[in-house]
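Enquirer: First the structure, then my questions, so here it is.
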Amino acid sequence: MKKSEKVKGKEKVAARSQQYKTAGIIVAVAAIIIACIAVYFVYFAAPAVVAVGDTINVTYTGTFDNGTVFDSNAGKSPLTFTVGGGQMIPGFDAAVRGMKVNEQKNVTLTPDQAYGAYNPALVRIVPTSQLPANQTYYPGEPLGFRSSVDGSEHIVYVVNVTDAGVAIDANSPLAGQNLTFAIKIDSIQKASSASTATVTP
């Protein structure tokens, strides 16, 4: 083999070696870039916020204007519902939108955002003859009521008991009231994916 051929062979080997080194550097840089992007999304990307269609877990406490608590699930199982699904009163459903996991807020709802205005027309007297015999009723007692029109079931409340019959009220006990809710988002199940954001212990 001629000396010139030996030199050419060495040059080819050196060129290949340089190509391998360059390729290795490109792969390493690409890996670093991918790792940086992953770190960004984990630590710096905007956290998930509640939107229509999401299923969320909520801890709440509801109070009247005078501060009396009328309902709370604090220390109990979270309330789970789908935002925009018609499962909650309008004001509560609207209040959670845009909130993040572990975020807390207080919101006061007027009757039109909650259980509506009190309607006196929903109070009526059921004659004793239409009630089960030997049944005792008490003011404030809830009763299951089935509509004779569409068969739907409702809860009514005993207002008064007389010899003529029982006065019942189909208004919600919270109708006509301003209601304040302390709300905390415990988790968000996004509607667009199977990912779930949860509270950090």
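Every number here is computed from the coordinates shown, using simple stated rules; none is lab data. Not measured: the values here are computed from a predicted model. Every residue, glycine as well, gets a Cβ built from its backbone with ideal geometry; the counts of neighbours run over all protein chains shown.
Enquirer: In bins 10 Å wide, starting from 0, what share of all Cα pairs of segment 120-169 does each bin hold, as a percent?
Expert: Going out from 0 Å in 10 Å bins, segment 120-169 shows 25, 59, 16 percent.
Enquirer: Averaging sequence separations of C-alpha pairs under 8 Å and six or more residues apart, then dividing by the length of segment 120-169, give the relative contact order as a whole percent.
Expert: Values: 76 pairs, mean separation 21.5, N = 50.
Averaging sequence separation for qualifying contacts and normalising by length gives 43 percent for segment 120-169.
Enquirer: What is the spin-label model distance, in nm, from Asp150 to Tyr138 if the labels are put 7 Å beyond Cα along the C-beta direction?
Expert: 3.3 nm
Enquirer: Let me ask something else. I want the local charge near Ala167. Using Cβ-Cβ distances under 15 Å, sum +1 for each Lys or Arg and -1 for each Asp or Glu among the other residues.
Expert: Values: positive: Arg124; negative: Glu141, Asp163, Asp169.
So the environment of Ala167 carries a net charge of -2.
Enquirer: In which sequence would Arg146, Arg97 go, from the one with the fewest C-beta neighbours within 10 Å to the one with the most?
Expert: Details: Arg146 10, Arg97 14.
By the 10 Å Cβ count, ascending: Arg146, Arg97.
Enquirer: So, by mean Cβ neighbours within 10 angstrom, what's the order for 181-187, 159-165 with the highest one leading?
Expert: Values: 181-187: 19.0, 159-165: 12.3.
Taking the mean over residues of other Cβ atoms within 10 Å, the ranking is 181-187, 159-165.
Enquirer: Further question on the same structure: Mind ranking 129-139, 69-79 by how tightly packed they are, going by the mean number of other C-beta atoms within 10 angstrom, highest first?
Expert: 69-79, 129-139
Enquirer: Output wanted: per-residue J couplings in Hz (rounded whole) for segment 130-137, from phi through Karplus 6.51 cos²θ - 1.76 cosθ + 1.60, θ = phi - 60°, x for Gly and Pro.
Expert: Each residue of segment 130-137 in turn: 9, 9, x, 5, 6, 9, 9, 10 Hz.
Enquirer: Can you sort Ile188, Ile125 so the residue with the fewest Cβ neighbours within 10 Å comes first? Don't jump to the answer; show the numbers that get you there.
Expert: Numbers: Ile188 24, Ile125 13.
Final ranking by Cβ density, sparse to dense: Ile125, Ile188.
Enquirer: Can you tell me the order of 116-124, 170-178 when each peptide is scored by its average per-residue count of other Cβ atoms within 10 angstrom, highest first?
Expert: Highest to lowest by the protection proxy: 170-178, 116-124.
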